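K.L.:
Sharing a structure, written as structure tokens. Questions coming.
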Amino acid sequence: VNATSGIWLGAMISHPQWIRVRRLAGADQDVDIKAANLIRDVGSDLGAGPGSLLAVMYSADRDDWRLDSLLNRAHTIGVAAVMIEDESPVRRSTHALADRLKLPVLGSPDIVGSYQAVQHILAQPRVIMADLVLRVLTAGRQSGPSVDAALEAISAALGRPTALVDVHGTLLGGVFDGDVEALAGALARESTQDFGAREVGLHDGVLAIVCPVHSAGTSAWITTLIPRELPTESHAIGSALMAASAALEQRLADARLHLERDARQRASLLGEIVQGSISDASRRRALDLGWQLDGWHTGIRIGVAPGVDLAGRRSEVVRTLAAAGLDPVVVEHGDGYAAWLSCTQEPSAKQVQDTAAALRSAQHHLFTTLSTHMGVGRVHPGPEGIGQSLSEARDAAQLARSRPESGRFLHVDRLGLAQLLLAWTRTDTFQPAAHALLAPLQRQPGDLINTLAAYLDSESSLADTAAILGIHRNTVSSRIARIESLLGVDLSVPDDRLALHLACRTSIMT
Amino acid sequence: VTKVSVLKAQDIDALVVGVELLGSGGGGDAATFARVLRRRLGDGRIDLHTPADLAEGVVVPVGVVGSISVFLEKLPSGEELAGAVNAVCRWAGVQATAVMSLEAGGLNGITGLVASLDVGLPFLDADLMGRALPRLDQFSWAVEGLPLTPCALYEPGGQIVVFDSVSPSRLERAVRVFLSQTGGWGALALPPLPVPTAVSAALTGSISRALELGRAHSQLGETPLSDAVERVLGGRVLADGRVIEVSRHGNAGAFARGSTTVIDSQSRAVVRIETENEYLLALVDGRVEVSTPDLLCLLDRRTARPLAIDQVRTGDEVLVVALPGPSWWAENEHRLAAVGPSSFGLNTDAMLLETRS
């Protein structure tokens, strides 16, 4: 920091130490303050030079004509701004004069304090930096164990709102009252691999000082917003943020440790429940965790892409489900999450439907961030019901994964069961078999496969089949005879009929 | 043969404007008292005598002191001016042969003439201020070391007080205290002095100047241009624009302090005038431009009538005009100190039109 470079008045006005300084009159334009002078009263010799801030100790009397005279004298020698005592408004004449001279007139309840703040910033940038770093270090040590408590203490020490945001600019904690999109855009150009704080310009001179924070393989940014650049301050805040990021990393590591431990506990308890061997101690642990073992349960399986940090992202899953109005137990399990909803009464069909709709919408949101697929089991009662429903949900999830057309969501209700079966017929082993079975009918005159499908669908009724296909009953009869002879089957045998029915469905649907 | 100026009824309108201009925003309501003069004068005339005309005579300065606003509410009985002159002559044991004005600005530019008719003595065209000033210790006699006592104060209730062997500043206080406890105003007659002595420390030709100023002003007509005003009245227009602020704040001394601010409609210059009983100081863009004893007048933009301090309102369109004050006051530092800005507690040197140009 170059000590001789000036401070923009606009930046100084928004500085925490000038919090009670007001613009009373004069142009809104910004001026560069290069020095500060303190004089006794409005009648004193100025002793100031061009570009200086003239602070007038005894100047509370707004009626005193010498205030106008002072403005004239200050303007003549190129003073940048005049600061007078207290915040009460100036007379209209003084206002008009300050506007005319384009000379900002500021009011401060503490002239000497405000003057000294400018002096410090102008003359002692290193002292300010050391002071700020020390205060942030102390705040980091003394604040509570949570990230939010640490952020709050750091904000207070810096005198500026400070936030933790992820690499996409999403707020993770603290306060960020600037333009989120501008921040996200600016962060996208920065690498978290580079150690140390940096300044990123957002818009209209607003500046964010950012410093990477690393935790468990992921990165975030600690961010402090400065409405106007004040080089001394932004440099000092940059250094202070490095100290702050260390304090945050320590808290994030602690939080991670808790998270992992809880996840392990939940997973082991779920293991016992699924196996159906629930000891009294486990019942007790379930109670402690707020898990309802009795009543009716709907199992939900949420599968995620490999490599997702299950423990770390669990809260996001819980949040998304809560946003959909659902409050299930969520446990990290295998390559995803096992979750279930419990209720004391058997839910009605309508309730089941509503729950499924809510889960479908949750899946829709989760897919965008976690590439999830979701399966939902049927409602089962009792502690063992949890395992049953989860097992259905797991099968459903596996199918849902390969079915983007259903939003990678599958609910095992009655319709779902049929889909489950049909889906099974579409496996790699059955499909070639189905095609092979019907191969003799291909390339034969008279649409034999569709005729066979319609015949089986209409419970082997020649009349119904004829009506469906819009052909004569005798034509149907002769086609069926040809089919039986071509395939060498007897359609009155239930096993043959079932195999051919499934084969027809598969063949027609593919 | 000395040329004697004459005042007749048809001159009264011009005289009123003239004494208002010399009043510099203060000095009281001359227009109201001018009716008394008009009635007393009738078809007659008043000669405005020079000191040479009355070189052998003894002259008494006479006029009204005290609260101007009360003067309008508690009307004179008609006895006051003559009563004061008679009282001081009786006390001094000297017979006056002429009267003169206490001050030429404002109301007292008229009262001396009325007194001349009331007591039936010739009028000496001279006064002790040459304009309006608020305090008795600012009479030129006091400034030049002539005594202001014995003097007689006749208040409208008929009480007469004679002060003797009192210094000017004490006299000022004594008169104020007495008036505040009685009718609020009174007629004051200063000691009868031989004309040569009297005029050795007085401003001569004051009423003639008022008359000239008033006659010149009558040529202006409606909505005069700034340069016409400067040419005709012989001064400088500081602003031609709108009053943006009229404020009265606190008491600097005995009188209420205030300020009036005008923005020039062309240059946008901010012209602030500090006031007490009179307009005292004009700042243009914060720079002291004109001060007492020069005259500062606010003229109504349309009629060009001088506006007294208490007549000016925010939003009025006005001309701010500076006219040269009586040169007598600028003749030496001693006199200037008695009536300059610092004598009103305004901490700046006197800034006069002549000295600056």
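K.L.:
Restricting to region B:277-288, and then to whatever is part of a strand (DSSP E or B) and over 22 Å from the mean Cα position of the chain (by Cα), can you tell me which residue is farthest from the other protein chains (Cβ to nearest Cβ)? Quick ask: steps written out before the conclusion?
P.N.:
Residues of region B:277-288 that are part of a strand (DSSP E or B), as a first pass: B:279-284, B:287-288.
So of that shortlist, the ones also over 22 Å from the mean Cα position of the chain (by Cα) come out as B:283-284, B:287-288.
Numbers: B:Leu283: 6, B:Val284: 9, B:Arg287: 5, B:Val288: 7 Å.
The qualifying residue farthest from the other protein chains (Cβ to nearest Cβ) is B:Val284.
K.L.:
When the residues of region B:229-251 are narrowed to those that are within 19 Å of B:Thr303 (Cβ to Cβ) and more than 24 Å from the chain's Cα centre (by Cα), which ends up farthest from the other protein chains (Cβ to nearest Cβ)?
P.N.:
Taking the candidates together, the pick is B:Asp240.
K.L.:
If you don't mind, there's one more thing I want to ask. Here are some conditions: (1) more than 21 Å from the chain's Cα centre (by Cα); (2) within 20 Å of B:Leu220 (Cβ to Cβ); (3) in a loop (DSSP other than H, G, I, E, B). B:Val318 meets all but one. Which one does it not meet?
P.N.:
It is condition (3) that B:Val318 fails.
K.L.:
Given the condition at the interface with another protein chain (Cβ under 9 Å from one of its Cβ atoms), acidic (Asp, Glu) and touching a residue at least 24 places away in the same chain (Cβ under 8 Å), answer yes or no: does some residue in region B:268-276 qualify?
P.N.:
yes
K.L.:
Please specify each residue of region A:469-501 satisfying the condition of being part of a helix (DSSP H, G or I) and loosely packed, with under 11 Cβ neighbours inside 10 Å.
P.N.:
Initial filter on region A:469-501 (part of a helix (DSSP H, G or I)): A:469, A:473-487, A:494-501.
A:Asn474, A:Ser485, A:Pro494, A:Asp495 - these are the residues of region A:469-501 that are part of a helix (DSSP H, G or I) and loosely packed, with under 11 Cβ neighbours inside 10 Å.
K.L.:
Moving on. When you check A:Ile209 against the structure, is it in contact (Cβ under 8 Å) with a residue 24 or more places away in the chain, of a type in the set (Val, Ile, Thr) and under 21 Å from A:Gln250 (Cβ atoms), yes or no? So that I can check it myself, show each step before the final result.
P.N.:
On the way: in contact (Cβ under 8 Å) with a residue 24 or more places away in the chain: yes; of a type in the set (Val, Ile, Thr): yes; under 21 Å from A:Gln250 (Cβ atoms): yes.
Yes.
K.L.:
Then there's this: Just give me the residues in region A:325-355 being of a type in the set (Gly, Ala, Ser) and modelled with pLDDT of 90 or more, in sequence order.
P.N.:
Residues of region A:325-355 of a type in the set (Gly, Ala, Ser): A:325, A:334, A:336, A:338-339, A:342, A:348-349.
Correct list: A:Gly325, A:Gly336, A:Ala338, A:Ala339, A:Ser342.
K.L.:
I'd like to know if region A:190-211 contains one or more residues that are modelled with pLDDT of 90 or more, more than 20 Å from A:Trp18 (Cβ to Cβ) and not in a strand (DSSP E or B).
P.N.:
No, region A:190-211 contains no residue that is modelled with pLDDT of 90 or more, more than 20 Å from A:Trp18 (Cβ to Cβ) and not in a strand (DSSP E or B).
K.L.:
From the list B:Gly234, B:Gly241, which one is within 15 Å of B:Val290 (Cα to Cα) and of a type in the set (Gly, Ala, Ser)?
P.N.:
Details: B:Gly241 fails: within 15 Å of B:Val290 (Cα to Cα).
After applying the criteria, what remains is B:Gly234.
K.L.:
Continuing with this model, one more query. Here is a list of conditions, (1) touching a Gly at 6+ places or on another chain (Cβ under 8 Å); (2) hydroxyl-bearing (Ser, Thr, Tyr); (3) surrounded by fewer than 24 Cβ atoms within 10 Å (Cβ to Cβ), and B:Ser267 meets all of them except one; can you say which number that is?
P.N.:
Against the list (1) touching a Gly at 6+ places or on another chain (Cβ under 8 Å); (2) hydroxyl-bearing (Ser, Thr, Tyr); (3) surrounded by fewer than 24 Cβ atoms within 10 Å (Cβ to Cβ), B:Ser267 comes up short only on (1).
K.L.:
Given the conditions (1) more than 23 Å from B:Leu213 (Cα to Cα); (2) assigned to a loop (DSSP other than H, G, I, E, B); (3) touching a Cys at 6+ places or on another chain (Cβ under 8 Å), report the number of the one that B:Gly25 does not fulfil.
P.N.:
(1)
K.L.:
Within region B:159-170, is even one residue among the basic types (Lys, Arg), surrounded by fewer than 16 Cβ atoms within 10 Å (Cβ to Cβ) and on the phi < 0 side of the Ramachandran plot?
P.N.:
Kept after step one, since they are among the basic types (Lys, Arg), are these residues of region B:159-170: B:170.
After this cut, where a residue has to be surrounded by fewer than 16 Cβ atoms within 10 Å (Cβ to Cβ) as well, the list is B:170.
Narrowing the set further to residues that are on the phi < 0 side of the Ramachandran plot leaves B:170.
Yes - at least one qualifying residue is present in region B:159-170.
K.L.:
Restricting region A:77-107 to residues that are hydrophobic (A, V, I, L, M, F, W, C) and within 12 Å of chain B (Cβ to nearest Cβ), which is surrounded by the fewest Cβ atoms within 10 Å (Cβ to Cβ)?
P.N.:
From region A:77-107, those hydrophobic (A, V, I, L, M, F, W, C) are A:77, A:79-84, A:90, A:96-98, A:101, A:103, A:105-106; that's our starting set.
Then drop every residue that is not within 12 Å of chain B (Cβ to nearest Cβ), which leaves A:82, A:90, A:96-98, A:101, A:103, A:105.
On the way: A:Val82: 30, A:Val90: 21, A:Ala96: 24, A:Leu97: 31, A:Ala98: 27, A:Leu101: 23, A:Leu103: 23, A:Val105: 26.
Ranking the candidates gives A:Val90 first.
K.L.:
Scan region A:371-385 for residues that are surrounded by fewer than 21 Cβ atoms within 10 Å (Cβ to Cβ) and part of a loop (DSSP other than H, G, I, E, B) and jot them down.
P.N.:
The one that is surrounded by fewer than 21 Cβ atoms within 10 Å (Cβ to Cβ) and part of a loop (DSSP other than H, G, I, E, B): A:Ser371.
K.L.:
Continuing with this model, one more query. Go through A:Leu172, A:Leu187, A:Leu164 for me and flag whichever is hydrophobic (A, V, I, L, M, F, W, C), at pLDDT below 90 and within 23 Å of A:Pro231 (Cα to Cα). Give the steps one after another, and end with the answer.
P.N.:
Values: A:Leu172 fails: within 23 Å of A:Pro231 (Cα to Cα); A:Leu164 fails: at pLDDT below 90.
Exactly one of A:Leu172, A:Leu187, A:Leu164 is hydrophobic (A, V, I, L, M, F, W, C), at pLDDT below 90 and within 23 Å of A:Pro231 (Cα to Cα), namely A:Leu187.
K.L.:
What number of residues in region B:293-336 are closer than 21 Å to B:Asp127 by Cβ and within 14 Å of another protein chain (Cβ to nearest Cβ)?
P.N.:
1
The values are calculated or read from the model by the stated rules, or taken from the named source; none is laboratory data. Values in this document were obtained by computation on a predicted structure and should not be read as measured data. So basically every Cβ, Gly included, is an ideal-geometry build from the backbone, and we count neighbours across all protein chains shown.
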